[in-house]
Amino acid sequence: MPTLSACEKRIGHRFRNRALLQAALTHASSAARRRDSNERMEFLGDAVLGLVVCQALYERMPEALEGEMTKIKSAVVSRRTCARVAEKLRLTDGLTLGQGMDNNDQLPSSLAAGTLEAVVAAVYLDGGLEAARQLILSHFDEEIRRCVESQHQFNYKSQLQQWAQRELNATPVYEMLVEKGPDHSKCFEVAVSIAGRQFPSAWGPSKKDAEQKAAGLALVSLGELKELPASFT
């Protein structure tokens, strides 16, 4: 089974039961019965992938709140990300397709993503959670890092809260100083203070925007940021 051997090498797992890998690479279009396709394995693989990514974020982001981790997790396990990882591993090269579908054609990204999830399930069933964790973290680590940086980079409120809890065991307090303008075009001035120290105030078209800018200015004052990007000033 040269195709299965090549797939094993690319994903970094040698199967004790290769029938599991074969099942993971069987598309519904080629299965005699739908339940014999990889769709059930997709369902299981999605859950395993979510568990491993959630634990990784929980361990790597000890100061992050639930909402921030949820957004990052959603990006990491999205169909787009799964498809990107599947394409790097060339998982669809070994996919068994039915008549009318050709591996040489441009297959939809959703098919690649589903194959990745099915392969995760196959590894989990063959080698247990630790084997699945090794597969996921070895091939999703860059995606996790990228999503963490993308989500966290401009979340100044989250960065400030982590700093305040780590350095002062305190929580930032935001105070709205001024609200002006008509209902359809209001502006808000907000200042943040930590343990009694107030930092420069900031204006924004919403309370949320003003709080983010105020948090960013506080981080600049604390030396945690060099400056705010032009889009925030």
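The values are calculated or read from the model by the stated rules, or taken from the named source; none is laboratory data. Computed from a predicted structure; not experimentally measured. Cβ: placed from backbone, ideal geometry, glycine included. Neighbour counts: every protein chain shown. Protein only, heavy atoms only, side chains kept; ligands, DNA and RNA dropped before computing areas. Shrake-Rupley method; radii C 1.70, N 1.55, O 1.52, S 1.80 Å.
Summary of values
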read-out: Residue among LYS213, LYS186, LYS208 that is closer than 21 Å to MET69 by Cβ and not polar (S, T, N, Q); value: LYS208
read-out: Failed item in (1) farther than 24 Å from LEU51 by Cα; (2) at pLDDT below 85, with LEU160 passing the rest; value: (2)
read-out: Enumeration of residues in the range 179-211 that are part of a strand (DSSP E or B) and in contact with a Cys (Cβ under 8 Å, 6 or more places away or on another chain); value: GLU179, LYS180, TRP203, GLY204
read-out: Residue match in the range 161-178 (condition: closer than 28 Å to THR81 by Cβ and open to solvent by less than 80 Å² (accessible area, probe 1.4 Å)); value: yes
read-out: Unique residue being out of contact with any Asp or Glu (no Cβ under 9 Å at 6 or more places or on another chain), at pLDDT 90 or above and of a type in the set (A, V, I, L, M) when the list is ALA19, ALA23, ALA6, ALA56; value: ALA19
read-out: Meets criteria (modelled with pLDDT of 95 or more, acidic (Asp, Glu), under 27 Å from the mean Cα position of the chain (by Cα) and loosely packed, with under 12 Cβ neighbours inside 10 Å) for GLU149; value: no
read-out: Where LEU137 falls short, out of the listed (1) hydrophobic (A, V, I, L, M, F, W, C); (2) out of contact with any Pro (no Cβ under 8 Å at 6 or more places or on another chain); (3) in a strand (DSSP E or B); (4) closer than 27 Å to GLU66 by Cα; value: (3)
read-out: Residue match in the range 211-218 (condition: under 25 Å from PRO62 (Cα atoms), open to solvent by 40 Å² or more (accessible area, probe 1.4 Å), aliphatic (A, V, I, L, M) and touching a Pro at 6+ places or on another chain (Cβ under 9 Å)); value: yes
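This table checks each residue for (1) in contact with a His (Cβ under 9 Å, 6 or more places away or on another chain); (2) modelled with pLDDT of 90 or more.
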residue	(1), (2)
GLU68	yes, no
LYS73	no, yes
ARG84	no, yes
ASP93	no, no
GLN99	no, no
ASN104	no, no
SER110	no, no
GLY114	yes, yes
